[in-house]
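Worksheet for the structure shown next.
The values are calculated or read from the model by the stated rules, or taken from the named source; none is laboratory data. This structure is a prediction, so every number in the text was calculated from the model and none was measured. Every residue, glycine as well, gets a Cβ built from its backbone with ideal geometry; the counts of neighbours run over all protein chains shown.
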Amino acid sequence: MSEQPAFLPYGRQTIEEDDIAAVGEALRRDLLTTGPLVELYERQFAQATGAWHAVACNSGTAALHLAMLALGLGPGQTAIVPSVTFLSTANAVRMTGAEVVFADVDADSGLMTPESFVAASGRSIAGHVLKTALPVHLGGQTCDMAALADLAEARGISLVEDACHALGVAAAGATQHSLMACFSTHPVKAIATGEGGVVTTADEMLARRMRDLRNHGMTRDPGAFETRDYALDGDGTHPWYYEMHEVGWNYRIPDVLCALGSSQLKKLNRFHCRRAEIASLYDRLLAPLAPHLRPVPRGNRPHGWHLYVVLIDFTALGVTRAELMKALRGQGIGTQVHYIPVHRQPYYRGRYGAVSLPGADAYYARCLSIPMYPAMRDADVSRVAEALGAAIARI
Ligand SMILES: Cc1ncc(COP(=O)(O)O)c(C=O)c1O
């Protein structure tokens, strides 16, 4: 009997023996959460991204929320979010009580462009102050940050990058053109800690504030204490003392997961190179399937290859996306759609009414993410390309 080939998901973590050993070692230490490994991981993450400060937390969503809180975003303000992104980008804005203005995206890349940013800024809600915009580096492509930063500056606002797909891409995280950049280390991302997130920034005050906010708004810094008579006795600060100056959350990432993060960071470059190789192989193998199936155009900016997305003209092929996805799944190949435009979610439609974003709709209608992760072998890539070709020919 012939053996069933292994299932190829659209993305997955790459965990090796040294990662497992690093976690095992961390488990034998005294502190499972908020020990020295958090700080170590933060230092390594800042170095890997070229940032001054890195604040680690327990998800990419928490990272986005912390960034919005640190920015002082709140009711009466708005933030621009591209509609093609994961729910979290918009939700992080709403968690502060601020409102979302959805920007359209380029129909072929799914990215917010300088033009769609300008159009969105013209649609900001009456009586509200536009405070920030969150460019999303969709699938590892990078937005035109220099142009967006110029436009943001002209409007007196700062940018916060949703770089959850872009760890390891040159410039993402260095915050040259933004105030902060937010990352996720969910298993399908560039490195994995199970759940995890990081915010990078060049601003020390913002980093300090996010460290307090991730831990209930607590500070143990004597220099920051407000009720000094309550905090101090004749010998100095009471050893148990802490203060809270604003409401915070428990967004702490455990030491154990930071041990995994530090181990994975060492491989970031290797993982990235393998992803780039896989992308080039796909480009070559899928070229004959044009024009009805073609990869998202590469563009000329750095790419992290978090996802490999193909654009398919389902109407011309006479097949639905669901039929194609089911046919591929039947052959052990996982695919996914990134993403349903967020402005079409019932919650946001209910809140803001129907918004016309044709670029987002056109991208969504054609996109399909096919398997992409560092542990894929060349033979796996060929298998996906052949299955796609065969499925399209048969249909
Ligand atoms: C673009 C984007 N932003 C934010 C997030 C949220 O990250 P997490 O799942 O770590 O909360 C994700 C996760 O999938 C994402 O893809």
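Data for the structure
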{"item": "Options Ala103, Ala174, Ala133; residue that is over 30 Å from His292 (Cβ atoms) and within 16 Å of the ligand (Cβ to nearest atom)", "result": "Ala133"}
{"item": "Subset of segment 48-76 that is more than 16 Å from Gly217 (Cβ to Cβ) and out of contact with any helix residue (DSSP H, G or I) (no Cβ under 9 Å at 6 or more places or on another chain) - its residue that is surrounded by the fewest Cβ atoms within 10 Å (Cβ to Cβ)", "result": "Pro75"}
{"item": "Candidates Val355, Val309 - the one that is within 30 Å of Gly122 (Cα to Cα) and of a type outside the set (Ser, Thr, Tyr)", "result": "Val355"}
{"item": "Verdict on Leu179 being touching a residue at least 40 places away in the same chain (Cβ under 8 Å), more than 16 Å from the ligand (Cβ to nearest atom), surrounded by 15 or more Cβ atoms within 10 Å (Cβ to Cβ) and more than 25 Å from Leu37 (Cα to Cα)", "result": "yes"}
{"item": "Check on Leu111, in contact with a strand residue (DSSP E or B) (Cβ under 8 Å, 6 or more places away or on another chain) and either hydrophobic (A, V, I, L, M, F, W, C) or closer than 21 Å to Arg274 by Cα (or both)", "result": "yes"}
{"item": "Residues of segment 236-256 satisfying the condition of being farther than 19 Å from Leu66 by Cα and touching a Leu at 6+ places or on another chain (Cβ under 9 Å)", "result": "His238, Tyr241, Asp255, Val256"}
{"item": "Hey, Pro75 within 16 Å of the ligand (Cβ to nearest atom) and over 22 Å from Ser263 (Cα atoms) or not", "result": "no"}
{"item": "Matching entry among Gly168, Gly110 (being within 16 Å of the ligand (Cβ to nearest atom), under 17 Å from the mean Cα position of the chain (by Cα) and either at pLDDT below 95 or closer than 27 Å to Gln264 by Cα (or both))", "result": "Gly168"}
{"item": "Filtered residue count, segment 279-294, keeping only those that are in contact (Cβ under 8 Å) with a residue 40 or more places away in the chain and either buried (at least 22 other Cβ atoms within 10 Å of the Cβ) or more than 21 Å from the chain's Cα centre (by Cα) (or both)", "result": "8"}
{"item": "Matching entry among Glu246, Glu204 (being without any contact (Cβ under 8 Å) to a residue 40 or more places away in the chain and under 28 Å from Gly60 (Cβ atoms))", "result": "Glu246"}
{"item": "Residue in segment 340-352 that is among the small types (Gly, Ala, Ser), more than 16 Å from the ligand (Cβ to nearest atom) and touching a Ser or Thr at 6+ places or on another chain (Cβ under 7 Å) present", "result": "no"}
{"item": "In segment 84-93, the residues that are more than 9 Å from the ligand (Cβ to nearest atom) and either under 18 Å from Val309 (Cβ atoms) or among the small types (Gly, Ala, Ser) (or both)", "result": "Val84, Ala90"}
{"item": "Condition met for Arg123 (modelled with pLDDT under 95, under 24 Å from His343 (Cβ atoms), of a type in the set (D, E, K, R) and more than 14 Å from the ligand (Cβ to nearest atom))", "result": "yes"}
{"item": "Test for Ala146: is it within 18 Å of the chain's Cα centre (by Cα), more than 27 Å from Gly76 (Cα to Cα) and more than 15 Å from the ligand (Cβ to nearest atom)", "result": "no"}
{"item": "Test for Thr96: is it assigned to a loop (DSSP other than H, G, I, E, B) and within 12 Å of the ligand (Cβ to nearest atom)", "result": "no"}
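Table: residues versus (1) touching an Asp or Glu at 6+ places or on another chain (Cβ under 6 Å); (2) surrounded by fewer than 21 Cβ atoms within 10 Å (Cβ to Cβ); (3) not hydroxyl-bearing (Ser, Thr, Tyr).
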{"site": "Glu204", "(1), (2), (3)": "no, yes, yes"}
{"site": "Ala207", "(1), (2), (3)": "no, no, yes"}
{"site": "Met210", "(1), (2), (3)": "no, no, yes"}
{"site": "Gly217", "(1), (2), (3)": "yes, yes, yes"}
{"site": "Asp229", "(1), (2), (3)": "no, yes, yes"}
{"site": "Gly236", "(1), (2), (3)": "no, yes, yes"}
{"site": "Glu243", "(1), (2), (3)": "no, yes, yes"}
{"site": "Glu246", "(1), (2), (3)": "no, yes, yes"}
{"site": "Tyr251", "(1), (2), (3)": "no, no, no"}
